[in-house]
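Report on the structure given below.
The values are calculated or read from the model by the stated rules, or taken from the named source; none is laboratory data. Owing to the predicted nature of the structure, the values given are computational and were not obtained by experimental measurement. Cβ placement follows ideal geometry from the backbone for every residue including glycine, while neighbour counts extend to all protein chains displayed.
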Ligand SMILES: Cc1cc2nc3c(=O)[nH]c(=O)nc-3n(C[C@H](O)[C@H](O)[C@H](O)COP(=O)(O)O)c2cc1C
Ligand SMILES: [Mn+2]
């Protein structure tokens, strides 16, 4: 199947009346679905269609890996070998495409919207309360909206379906098989009925069975445990959506608190509610605009070997025992697009997704800890290995307080190395961080080890999921912290000399070298 008819068809579809007024949305209309985003990417020269037949076994990875590293476009493989379904990859593989996905010119605009919301959370006086009303209405308008049907139900297969119809990647040579890498795994908390959406890779075992790689600290795993505690021989219903509008796809990786609905957050990001429709065979709602939906269950007493899998770390994660997903029904669009991504040696597409998450949640961190000036998670730190935090230091031991705060803040608990620097260090500049951190250290005094939960993917930890973490206090040391010596100033040229040299410059016969600015 090709999707040559795609553009014409979606263009002729009428645009739904907008849920919010123009003032609230800035006149934007949320992407209806994945194909509306594809059109936008294509119109902006951010997507390349590939007609050549390419094998989803290894070959697509090699192409996507090269494209992402080179800052290349999203890739739509129209003829993946062995499948009639086209495959989209690298859709969010650059800062520009993440901004396009969220319909902002810079990701900080999302952060500003969040800051605005947080400001209104605890109103003091009557005027503040009145001012808050439109904000609350706005929040309410982001709740997912139930609809009766949707394009994800254009084809319903309760029987005779096969996962092998889709161009599912075998990503890297030592992978145990094909893996669905961008599934939105939807479950309900068996105790509260609250929905969770998480991206947990799924190893294909056969036509209708996969692994369910929710790591032990993730919300899907918690639902599984609670259901098992109630009935060890029962099952938990699961629905999996693959490919939807980009905010909904991104919502599956967001590290938000348990029992907070990722689809609600997607509604906030796209400024329009996610429309959900009841699945065919399980009591779970799925995004109506999804390309593909897999419905089924996970037995609470069944585990199976999963992996190895070439992972975010740039190394293979080893085999492990994980639950098994049994598919009872597949629904999809008449001409579905299979959306996927690869992970591997950094940076990959997930770096750009993770970077968006870092920027989006900075205001939330700052609300909890106003002393935080900025944070950075460089690509080489693959999120859980390194976080650099700049703080406005106010009291002795402040840097250590922040380390402990990071280790108790949601998924930031996994951070293997936390580096705390003073407010005047640019954490986005890795060279400056290395330079100033190393200069500020008396290692024995400034490094602190703690034990605690670590990322499942950390292959160096002494045990899976449990190990040590390190905090580096790279702030200036104070007398009140027992540092008796004076702390030197950083070298900066005085402004007067710099001005004089600016005037002199043309007479020197040198190219225009930039002036080092502090
Ligand atoms: C491409 C990609 C693949 C991922 N695969 C997994 C996975 O296999 N298992 C897992 O537990 N988390 C995985 N994650 C991270 C989770 O999606 C992320 O931690 C998310 O916040 C989990 O949702 P939850 O907090 O609702 O559990 C992946 C993230 C990305 C971007
Ligand atoms: Mn969650």
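Just to be sure before I move on: is residue 263 out of contact with any helix residue (DSSP H, G or I) (no Cβ under 6 Å at 6 or more places or on another chain), closer than 28 Å to residue 149 by Cβ and within 16 Å of ligand 1 (Cβ to nearest atom) in the structure I sent?
Values: out of contact with any helix residue (DSSP H, G or I) (no Cβ under 6 Å at 6 or more places or on another chain): yes; closer than 28 Å to residue 149 by Cβ: yes; within 16 Å of ligand 1 (Cβ to nearest atom): yes.
Criteria met by residue 263.
Taking the options 331, 281, 305, name whichever one is over 28 Å from residue 409 (Cβ atoms), more than 16 Å from ligand 2 (Cβ to nearest atom) and surrounded by 23 or more Cβ atoms within 10 Å (Cβ to Cβ).
Answer to the check: 331.
Taking into account only those residues within segment 217-233 that are surrounded by 14 or more Cβ atoms within 10 Å (Cβ to Cβ) and in a loop (DSSP other than H, G, I, E, B), which is nearest to ligand 1 (Cβ to nearest atom)?
Among those that are surrounded by 14 or more Cβ atoms within 10 Å (Cβ to Cβ) and in a loop (DSSP other than H, G, I, E, B), it is 218.
Any residue at all in segment 177-185 that is within 16 Å of ligand 2 (Cβ to nearest atom) and closer than 14 Å to residue 326 by Cα?
For segment 177-185, residues within 16 Å of ligand 2 (Cβ to nearest atom) and closer than 14 Å to residue 326 by Cα: present.
Any residue at all in segment 169-184 that's more than 9 Å from ligand 1 (Cβ to nearest atom), closer than 16 Å to residue 297 by Cα and touching a helix residue (DSSP H, G or I) at 6+ places or on another chain (Cβ under 8 Å)?
yes
Could you check segment 393-410 and list, in sequence order, the residues that are part of a loop (DSSP other than H, G, I, E, B) and either surrounded by 24 or more Cβ atoms within 10 Å (Cβ to Cβ) or in contact with a helix residue (DSSP H, G or I) (Cβ under 9 Å, 6 or more places away or on another chain) (or both)?
393, 395, 396, 397, 407, 409
For residue 276, indicate whether it is more than 15 Å from ligand 1 (Cβ to nearest atom), in contact with a strand residue (DSSP E or B) (Cβ under 6 Å, 6 or more places away or on another chain) and in a loop (DSSP other than H, G, I, E, B).
The answer is no for residue 276.
Please tell me if residue 244 is at negative phi and surrounded by fewer than 24 Cβ atoms within 10 Å (Cβ to Cβ).
no
Identify, by number, the condition in (1) more than 26 Å from residue 117 (Cα to Cα); (2) touching a helix residue (DSSP H, G or I) at 6+ places or on another chain (Cβ under 7 Å); (3) not in a loop (DSSP other than H, G, I, E, B) that residue 387 doesn't meet.
(1)
For segment 217-238, how many residues meet the condition of being under 10 Å from residue 190 (Cα atoms), touching a residue at least 40 places away in the same chain (Cβ under 8 Å) and within 14 Å of ligand 2 (Cβ to nearest atom)?
Final tally of qualifying residues: 1.
Take segment 47-62 and flag every residue that is buried (at least 20 other Cβ atoms within 10 Å of the Cβ) and under 23 Å from the mean Cα position of the chain (by Cα).
47, 60, 61
Could you list all residues from segment 345-384 that are at positive phi and out of contact with any helix residue (DSSP H, G or I) (no Cβ under 6 Å at 6 or more places or on another chain)?
Result: 382, single match.
Looking at segment 147-167, which of its residues are within 15 Å of residue 290 (Cβ to Cβ) and surrounded by fewer than 16 Cβ atoms within 10 Å (Cβ to Cβ)?
147, 149, 154, 155, 156, 157
Being outside any loop (DSSP other than H, G, I, E, B) and either within 23 Å of residue 411 (Cα to Cα) or within 11 Å of ligand 1 (Cβ to nearest atom) (or both) is the filter here, so list the residues in segment 194-216 that pass it.
Hits for segment 194-216 are 195, 196, 197, 198, 199, 202, 203, 211.
Out of all the residues in segment 460-489, which are exposed (fewer than 10 other Cβ atoms within 10 Å of the Cβ) and either under 26 Å from residue 390 (Cβ atoms) or in contact (Cβ under 8 Å) with a residue 12 or more places away in the chain (or both)?
480, 482, 484, 485, 486, 488, 489
Could you check segment 50-121 for helices (runs of 4 or more DSSP H) lying wholly inside it with 2 or more residues that are at pLDDT below 95? Write out each step before concluding.
Values: elements: 59-69, 95-102, 108-119.
Per the criteria, 108-119.
Given the conditions (1) buried (at least 23 other Cβ atoms within 10 Å of the Cβ); (2) in contact with a strand residue (DSSP E or B) (Cβ under 6 Å, 6 or more places away or on another chain), and given that residue 414 satisfies all but one, which numbered condition is not satisfied?
(2)
Can you pull out every residue in segment 198-216 that is within 16 Å of ligand 2 (Cβ to nearest atom) and out of contact with any strand residue (DSSP E or B) (no Cβ under 6 Å at 6 or more places or on another chain)?
199, 214, 215, 216
For segment 350-370, indicate whether the set of residues that are under 19 Å from residue 175 (Cα atoms) and part of a helix (DSSP H, G or I) is non-empty.
yes
Every residue, every condition in (1) touching a strand residue (DSSP E or B) at 6+ places or on another chain (Cβ under 8 Å); (2) more than 28 Å from residue 209 (Cβ to Cβ); (3) within 10 Å of ligand 1 (Cβ to nearest atom), yes or no:
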| residue | (1), (2), (3) |
| --- | --- |
| 257 | no, yes, yes |
| 271 | no, yes, no |
| 302 | yes, no, no |
| 311 | yes, no, yes |
| 319 | yes, no, no |
